[in-house]
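Report on one structure; see the data block that follows.
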Amino acid sequence: MPSNGIYGLPTIPSSWTAPTSCFAKTRYYRVSYAPSYVSNLYGTPTPVLTGNAPSGECFPPSFTINVPYRTDGGCPTGYTRACATGGPDLSGRPMSTVTCCPSVTSNAFSFMCQNHEYGCHATATVGAVWTGVITNFAISKPTEEPVTRTPWTGEGLEAWGIKFIWVAATSVLSPSASTATEITTTTSEASSTASEDAASPTVSTESSASSSPPVGLSPGVAAGIAVGAAAAVGLLALVGFLVYRNKRKKMWVEGRYVEADGTEKAPPVHEAPGQPASELQG
């Protein structure tokens, strides 16, 4: 796996599709390495033991043994999901290791996952007939000849699978969407500023509108403000009345000690208990 992790893995172009001939029931190869060493392969005559990787139009671009592709979709056309192991990635998003095996026509071979370099394995069924090509590497000049044979029960057949690391797709905000978001945000901020300016009254507005509740207040709050204002006005009136009455009383008391001609008259003097009181008569 590349050093930069999952997101450094190659991807398969969405336009890539293997030809239908890559999944025909006759793509059977019997490879002989030695008189007693034979391998059954599907889809390619080139065995991995020679050090060569499969190639050609039946395999996706940049196909490398043991290096999976990265995808957020399914198997390519002509391949079937044979097995998968799941678990979250480091960020917690769903992730799976998937092996896609060839979908052979007429169900001649039914592949499943196998833990080896090929990745896919099929087992012969009773009465099956395999038709293909036999390649003999056991002689000095390798040969390739047609072959039709009946496999023994349980005989295996290997196929190259395509391995994937499946990661859930991540939505990316496009530049146009980002611009639209910025415009919306700016418009909202401008509207908010205008609303604040309209809701900030001047001094003259406050004094002229003291009898009506401010715009935007709930009925309960407005009623409370009105009651408080009325109580304040009543209190001021009461204080004014008390001041006025006290002033009039003082003037009336002081007036009793002024002569008719306007000259001052001394107030009465009260002696201590047991002493006669005296008052100057006018």
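Some values worked out for this structure:
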read-out: Arg81 versus Trp152: modelled label distance in nm, points set 7 Å from Cα along the beta carbon direction; value: 3.7 nm
read-out: Long-range amide H partners of Thr125 with built H, under 5 Å; value: none
read-out: Calculated FRET value between Val129 and Thr20, using beta carbons and R₀ = 25 Å, to 0.05; value: 0.70
read-out: Alpha-carbon Debye profile of region 82-141, log10 I(q)/I(0) at 0.22, 0.24, 0.29 Å⁻¹; value: -0.99, -1.05, -1.16
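Every number in this text was worked out from the coordinates using simple rules, so none of it is lab data. Only a predicted model underlies this, so the values are computations on that prediction, with no experimental measurement involved. Don't worry about glycine lacking a Cβ; one is built from the backbone with ideal geometry, like all the others, and counts go over all protein chains shown.
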